[in-house]
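Report on one structure; see the data block that follows.
The values are calculated or read from the model by the stated rules, or taken from the named source; none is laboratory data. Quick caveat, the model's predicted, so the values are computed rather than measured. All Cβ positions, even for glycine, are placed from backbone atoms using ideal geometry, and neighbour counts span all protein chains on display.
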Amino acid sequence: MPLVLRLAVVAVILLAFAIQMVGGLNPDVSWLLTVGERMLAGQHLYIDIYELNPPMSALLYLPFVALAQALGAPAEPIMVAAVLLLAVLALAIGTAILRRGELVSNTSTWWLIASVALTILPGQNFGEREHIAVILLLPALAVSALRNTGRAPAFAHMVIAGLAAGLVMTIKPHFALPILLVALYSAFRARSWRAIFNPEHVLAGLVLIAYWLAVWVWFPSFFSTMLPLASTAYLADRASLVSLVFGLPLVPIWLILAGLVLLYRREMISGPNGQYIAAALGFFLAYLVQGKGFVYHLLPTQLLLGLVFAQCFVDRNAQGRGKAIPIALAVCLLAAPGIHAIQGNSLRNEALDVLASLGPGLKIANLTSQLEIASPLHRDLDGTLVNSDHACGLRLVPSGSELPPLILLSCERWWRWKPMSEAA
């Protein structure tokens, strides 16, 4: 790889880190870091801590919290750095697999485009479970593309791909859909159903089975307490199909798809692009199955389709002396959503300005259904969120506890400070 492009990739990674440090983490990641800190302090998931998601949502971030505590550092930069490192490792492994099958025409530009898509494009959704799932899936997508050339992957690559794909399915059950669609696409290309039962798919299935057996043993309260609650209160709360398919967040995705079909019909199924598009459609099905309409549920689809479009654009236009122009244009378009994240969350910034003068050590109780009201606000204030869950005041304050002044966060753009004696 030319030195200029190597420096560009390093600059991309550093910029991605800076964006997250300045703009701040999103509420979900911040809450799950708090969950990890509580677990390491001796609290029990689904007993002392209310979390609607399966245990891997919390366990995924636990190593970052443990490492931060061992180093005596905040968890946020450790988490960001770890996800960036994971992205680089997954990209390196995936690229090595693709080069084995001669599926990458220009490794240097591929590294640059892919690194921007994986580290900067996520923006305010950086570190979400969807973001980590896409990163972990890269080796499996590369192995699938390699098998379509008739070549077998190295044993180590096959094992890595299988273990990572299995981990992806433990994060959310819906994430089996992108793996299934990639397997079906490979079977169609190979004209054989045997492609579905490749060793990496079998290994991924074994990982998933082992995970749920472990959940049954170590987290029985998830099945007895949290799963019925989630089924009643969370799963039943769905957006309409029309809004899920034609809502405003879908506009960029439909535009990218239209551009691929109109401009790059051949390129979109060549090399590994077919696998990426199949995975993107699988993640879109997962978005529909979840039915919430959350923007971060669309991140994997946007990321993978954007990566394919940008790479197709660069491969076709980055020729001759002016090749730097289309490369720079592709990088800027991919980075735009992430650059926007530098401004941070306006509501959190407003609340931080109001409450910072009260000093550290605040106890914050979120009485709303919105996680972003109190998280990562309580971490920015060096305070404590006293809720057993992320919001709604569920099991709000333990009985008999002595608490310093409490911040009651009520409706959006309104908060009030009360002494604990009055708040009780």
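Please state which one of 186, 231, 192 is assigned by TED's automatic domain parsing to the domain that holds residue 274, at pLDDT below 95 and under 23 Å from residue 57 (Cα atoms).
Exactly one of 186, 231, 192 is assigned by TED's automatic domain parsing to the domain that holds residue 274, at pLDDT below 95 and under 23 Å from residue 57 (Cα atoms), namely 231.
Quick one: residue 83 ticks every box in (1) farther than 23 Å from residue 185 by Cα; (2) crowded, with 19+ Cβ neighbours inside 10 Å; (3) among the β-branched types (Val, Ile, Thr); (4) at pLDDT below 95 bar one, so which box is it?
(4)
Just checking: which of the helices (runs of 4 or more DSSP H) contained wholly in region 235-309 hold 3 or more residues that are farther than 26 Å from residue 113 by Cα and aliphatic (A, V, I, L, M)?
Result: 241-246.
Filter region 148-163 down to the residues that are among the hydrophobic types (A, V, I, L, M, F, W, C) and buried (at least 23 other Cβ atoms within 10 Å of the Cβ), then identify the one that is nearest to residue 282 (Cα to Cα).
Across region 148-163, the extreme among qualifying residues is 161.
Answer yes or no as to whether residue 145 is of a type outside the set (S, T, N, Q) and surrounded by 20 or more Cβ atoms within 10 Å (Cβ to Cβ).
So residue 145 passes the test.
Six or more apart or on different chains, Cβ atoms under 6 Å: show the pairs whose first residue is in region 55-82 and closer than 23 Å to residue 377 by Cβ and whose second is surrounded by fewer than 16 Cβ atoms within 10 Å (Cβ to Cβ).
Partner pairs satisfying both residue conditions: 78/67.
When you go through 330, 279 one by one, which is the residue that is in contact with a helix residue (DSSP H, G or I) (Cβ under 6 Å, 6 or more places away or on another chain) and farther than 30 Å from residue 231 by Cα?
None of the others qualify; the one that does is 330.
Looking at (1) among the hydrophobic types (A, V, I, L, M, F, W, C); (2) within 25 Å of residue 48 (Cα to Cα); (3) within 23 Å of the chain's Cα centre (by Cα), find the lone condition where residue 246 falls short.
Single failed check for residue 246: (2).
Is at least one residue of region 9-28 assigned to a helix (DSSP H, G or I), farther than 20 Å from residue 123 by Cα and out of contact with any Lys or Arg (no Cβ under 9 Å at 6 or more places or on another chain)?
Looking through region 9-28, none of the residues is assigned to a helix (DSSP H, G or I), farther than 20 Å from residue 123 by Cα and out of contact with any Lys or Arg (no Cβ under 9 Å at 6 or more places or on another chain).
Taking region 273-295 on its own, how many of its residues are closer than 22 Å to residue 335 by Cα and crowded, with 21+ Cβ neighbours inside 10 Å?
Going through region 273-295 one residue at a time, the tally reaches 7.
Could you tell me which residue of region 165-215 is farthest from the chain's Cα centre (by Cα), considering only residues that are basic (Lys, Arg) and part of a helix (DSSP H, G or I)?
The extreme case among them is 194.
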